[in-house]
Amino acid sequence: MNTKKIIRIKSKDEIGVLRQAGRILSLISEEIKRSLKSGITTKDIDSLAESLMKKHKVAPAFKGYRGFPCSVCTSVNQEVVHGIPKNRSLKDGDIISVDLGIIFNDFYSDTAFTIGVGTITPELKRLLDVTEKSLYVGIDKARPENHLSDISHAIQTFVEAHHLSVVREFVGHGIGRNLHEEPEVPNFGPAHCGPILEEGMVLAIEPMVNLGTYKTRILEDGWTVVTEDGKPSAHFEHSVAIMANGPLILTQK
Ligand code: MG
């Protein structure tokens, strides 16, 4: 058996399809952001996402994936990722991470954001700001000739300089005709390690950043990841194509 881990290189045409998919996903993501307010349930967010996906004629990538029951992941406060939408109302001062993926013309696209509900504390605002900025710090390293771990190292260095911690147990990934492809993209580690990045690689880069310890555990539902110390966590993600002249963020307008 060939166990060599292959990073699939996408053609220009394939990147064109991934860009279309990413544009649609960013429209859906923006509309969900606008709907988030105190009183709505995470199940409402899932229903909205599903109807938007239907409207844009794309399929939810997460529904049924390894048995996941919904179209989006909704992770509130100390929940890191993979929260299952349910009848839980958001309230003023909460933070919520929404992770969404679609399938468009046989290609996957994946993005995530964290947002405050109503007024959040300055501490939470800083958590969100640093996490979002760390994503762009990582994306900036997604260039030909860099090593994969230059992305990881840049994210960790940035986050820790702000006295926050990066989750170790969950990482980013390659993306294309599959939701999760090689390589894994950790948000931590030394620089100048791992594969050399090449034009045509497509990566979902997704720092998960905690206010307290980086350690996490999984709840009894088998999905929801929470911080071990119960402190809040944030998550931002873009799908990014590595082009000759640098990174192309696919999941934006
Ligand atoms: Mg992802």
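Computed about the Cα centre, the dipole magnitude for the chain is approximately 540 debye when only Lys and Arg (+1) and Asp and Glu (-1) carry charge, each at its Cβ.
Sequence gap at least 6, Cα distance under 8 Å: using those rules, report the relative contact order of the chain to the nearest whole percent.
Numbers: 650 pairs, mean separation 60.3, N = 253.
Computed value for the chain: 24 percent relative contact order.
Where the only charges are on Cβ atoms (+1 Lys, Arg; -1 Asp, Glu), what is the dipole of the stretch 36-75 about its Cα centre, to the nearest 20 debye?
Details: 7 positive and 3 negative charges, 27 e Å.
Using Cβ point charges on Lys, Arg, Asp and Glu, the stretch 36-75 gives about 120 debye.
Is the chain rounded, prolate or oblate when judged by the Cα gyration tensor, a ≥ b ≥ c being the square roots of its eigenvalues, rounded requiring a/c under 1.5 and prolate requiring a/b larger than b/c? Since a/c reaches 1.5 but b/c is at least a/b, the shape of the chain is classed as oblate. Toward the positive end of the charge dipole of the stretch 140-228, with +1 on the Cβ of Lys and Arg and -1 on the Cβ of Asp and Glu, the farthest Cα among Phe188, His173, His163 is that of His163. Of the residues Leu52, Gly64, Ser134, the one whose Cα sits farthest toward the positive end of the charge dipole of the chain, with +1 on the Cβ of Lys and Arg and -1 on the Cβ of Asp and Glu, is Leu52. Taking the Cα centre of the stretch 36-181 as reference, the dipole from Cβ charges on Lys and Arg (+1) and Asp and Glu (-1) amounts to some 480 debye. Tell me which of Pro122, Ala204, Thr74 sits at the most positive position along the dipole axis of the stretch 3-249, charges placed on C-beta atoms (Lys, Arg +1; Asp, Glu -1). About the Cα centre, the residue reaching furthest to the positive side is Thr74. Report the residue, chosen from Ala161, Ala191, Ala204, that carries the largest GNM mean-square fluctuation when the chain is represented by alpha-carbon nodes joined by springs under 10 Å. Fluctuation is largest for Ala161.
Comparing mean-square fluctuations of Thr216, Thr119, Thr74 from a GNM of the chain with C-alpha springs under 10 Å, the top value falls on Thr119.
The order of the peptides 194-203, 52-61, 27-36 by mean Cβ neighbours within 10 Å, most packed first, is 194-203, 52-61, 27-36.
Laboratory data are not the source of any read-out in this text; all were calculated from the coordinates shown. This is a predicted model, so every value here is computed, not measured. Every residue, glycine as well, gets a Cβ built from its backbone with ideal geometry; the counts of neighbours run over all protein chains shown.
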